[in-house]
Every structure is written in C-alpha cells, then in structure tokens.
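Participant: Below you will find the structure I want to go over with you.
The values are calculated or read from the model by the stated rules, or taken from the named source; none is laboratory data. Since the structure is predicted, the reported quantities are computational estimates derived from the model, not experimental observations. A quick note on method: Cβ atoms are made from the backbone with ideal geometry, for glycine too, and the neighbour counts reach across all protein chains shown.
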Amino acid sequence: MTARRVAYALACALAFGVAANAAPAAAQTTIKVVVNDLPITSYDISQRAALLKLTARPPNPVQLATQELIQERLQMQEARRLRINVSDREVDQAFASIAQRVKLTPAQLGQVLSQAGSSAAELKSRLRAQIAWSQVVRMKFRGSGGVSDQDVIAALGAKGQEKDANAHKTVEYDLSQVVFVVPANASAGQKAARQREAEQLRQRFSSCEQGLAFAKGLSAVVVKPLGKKLQSDMPAQMTQVLDGIGVGKLGPAQPGPSGIEMIAVCSRREIDSDAAARASIKTELTNEQGNIAARRYLRDLERNAVIEYR
C-alpha cells in the first residue's frame, strides 16, 4: 500500500478533512487561536496541515487547517451543549472502516499516517467531530419541512432526459401474509408443532387462489392480504427474499410477533415506473438540503463565537 493510494482513499472517505492530536511534538508549541476559551495550538495546526497535505493537497494547508480546527471546536461545543456524546467505539469503527477501504489494518493505517507527519489520533479526532456534527444537524432539523413531492417532480423533470430506460423500471409484487398464531405463553413443544404445521402448508402450497383459501380454513391461522408492493419501496434485503420465492409459493416460515409467519408471492412483474427515479432524486435533494442547512448552522455558530487570533 503506497502513501499515494492511501491519500486518495482518505480524500474520498473524508470529505471535509480530518482533526488533531498526536504525532511527533513540535519543538515549541504556542497558542494561535482561542475559540470560546478553547485554544488551538501551533501543534494542532501542524498536525491538521500534515493530514490535509496527505488527503487534499490544498495550496495553503496551514490556513485551511486553522479554519477547519476552528469549525471543529464549534461543532464539538455545540454537540456538548446538546448532550451528544460520541463513544470511542463509534470512532474506532469509523477508523477501522477507512482502513478496510484502503486494504490496511487499523494499525497499518496509523503507521502510514505517522509517516506522513500525521497520526491515528488526529484522524480519530476528526472522525469524532464529523460523527458528532452529523448527530447535531439531525437533531436540530428533525421534523423540518423536508423534500416535498413537488420538489421531487420538478427535479425529476429537469433530469428526466438524462435517465436511461432502466432507471424507470421496477418490480411489482402482489403479496399476502399467512400467520400460524402462537399464544404468548405457548410451550416450546407447542411452538414446534405450529412450525411443523406451517411447513406442511408451505410444501403443499401451489397457488395463492387455492392455497390462501385453504389456509383460511385452518385453525388459528390468519391470512392478511398485503397488496401490491414496489421493489423500489422496499429494502434490498426484503426484495432478495421475495425474489427467492416462486410465484404462487410461500416463503420460509419465520417466528414473528404473532406466531409463525410466511409471505406468499401471488404475482411478480416488471413495470414502467418512476418510483425508483423518485426515490433516488429524493435522496439527492434531502442530502443537498441537509448540507445547506448544516453550512448555515455552522456559519451562525461562527458569527456568535468569540474567536481570538494570536
């Protein structure tokens, strides 16, 4: 693993840069900036600048490092004010995830950072700030207006000519649920018996028309039509399960809140739909809206802060 390859991966993983803490100490450390009584030292800045040289290669790394550290101090102060705490475990997981992406162990990634004049501690500090700030923004703007259907339609129309035909295809399922009810106080033997009954129905189930009618006549069995569902509206894990069930068949019997549950796939067909495109556009607009709100929030914090340069 070369330093250049790690630099590229880190630049992709760290959209805003990273933070400060360890590596070889400078011969003399002085306070350069004070942000609401919290100091930023020349050592902090040199550490951040070293990481920026590794990941982004800005024309003025010291100036950018100083600005990012000021913002980080404000972000962490706001997180503390809102009683948001990021655990060491969360930070370590984020660090390990970056290491995995560049095909290194966490220890190896730390060595590469140290060789570049930075450190694992500095990267973890920046990751902690990023995680905390994302939680601050979510808490601050939870329940706000969000992206409207009109916004999605307008954006979809603007980008419609750029979408290929496959972007407007999705799969429609017609689903029903069969539940073999199991009392909450049922014994292990009773649960096992209901599991066997469910498996027996699954083996003989050959069509929804006949199979669901038969299931309705069984003792303590509930049949619930779920109706038509679009693939684009469901988690990928769920669609994988559904695609493994033949049309007119029951899926695996699984324990659920009310008993032993199975899903019947009564039909499956590909249809023309803008549902997939709508979901993609909505995600893009939501992320864009969130980024704008976060920048405004941070700008307000900077405007109200007491920042002293020395």
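Participant: In the range 171-222, which residues are aliphatic (A, V, I, L, M) and crowded, with 17+ Cβ neighbours inside 10 Å?
Facilitator: Step one: list which residues in the range 171-222 are aliphatic (A, V, I, L, M), which gives 171, 175, 178-179, 181-182, 184, 186, 188, 192-193, 198, 201, 212-213, 215, 218, 220-222.
Within the range 171-222, Val171, Leu175, Val178, Val179, Val182, Ala198, Leu201, Leu212, Ala215, Val221 meet the criteria.
Participant: Tell me which residues, restricted to the range 72-97, are surrounded by fewer than 19 Cβ atoms within 10 Å (Cβ to Cβ), polar (S, T, N, Q) and over 17 Å from the mean Cα position of the chain (by Cα).
Facilitator: Selection gives Gln77, Asn85, Ser87.
Participant: What's the number of the only condition in (1) under 23 Å from the mean Cα position of the chain (by Cα); (2) aliphatic (A, V, I, L, M); (3) at pLDDT below 90 that Leu52 fails to meet?
Facilitator: Leu52 satisfies every listed condition except (1).
Participant: Report yes if some residue within the range 124-136 is crowded, with 17+ Cβ neighbours inside 10 Å and not in a helix (DSSP H, G or I); otherwise report no.
Facilitator: no
Participant: Quick one: would you say Gln150 is part of a helix (DSSP H, G or I) and under 25 Å from Asp44 (Cα atoms)? Give the steps one after another, and end with the answer.
Facilitator: Values: part of a helix (DSSP H, G or I): yes; under 25 Å from Asp44 (Cα atoms): no.
No, not satisfied.
One line per residue, one yes/no per condition, for (1) farther than 26 Å from Ala192 by Cα; (2) assigned by TED's automatic domain parsing to the domain that holds Phe180; (3) in a loop (DSSP other than H, G, I, E, B):
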residue	(1), (2), (3)
Leu212	no, yes, no
Ala215	no, yes, no
Ser232	yes, yes, no
Val247	yes, yes, yes
Ile260	no, yes, no
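Participant: Another question about this same structure. Does Ala264 satisfy the condition of being of a type outside the set (S, T, N, Q), more than 29 Å from the chain's Cα centre (by Cα), in a loop (DSSP other than H, G, I, E, B) and surrounded by 14 or more Cβ atoms within 10 Å (Cβ to Cβ)?
Facilitator: On the way: of a type outside the set (S, T, N, Q): yes; more than 29 Å from the chain's Cα centre (by Cα): yes; in a loop (DSSP other than H, G, I, E, B): no; surrounded by 14 or more Cβ atoms within 10 Å (Cβ to Cβ): yes.
No; evaluated as a whole, the condition is false for this residue.
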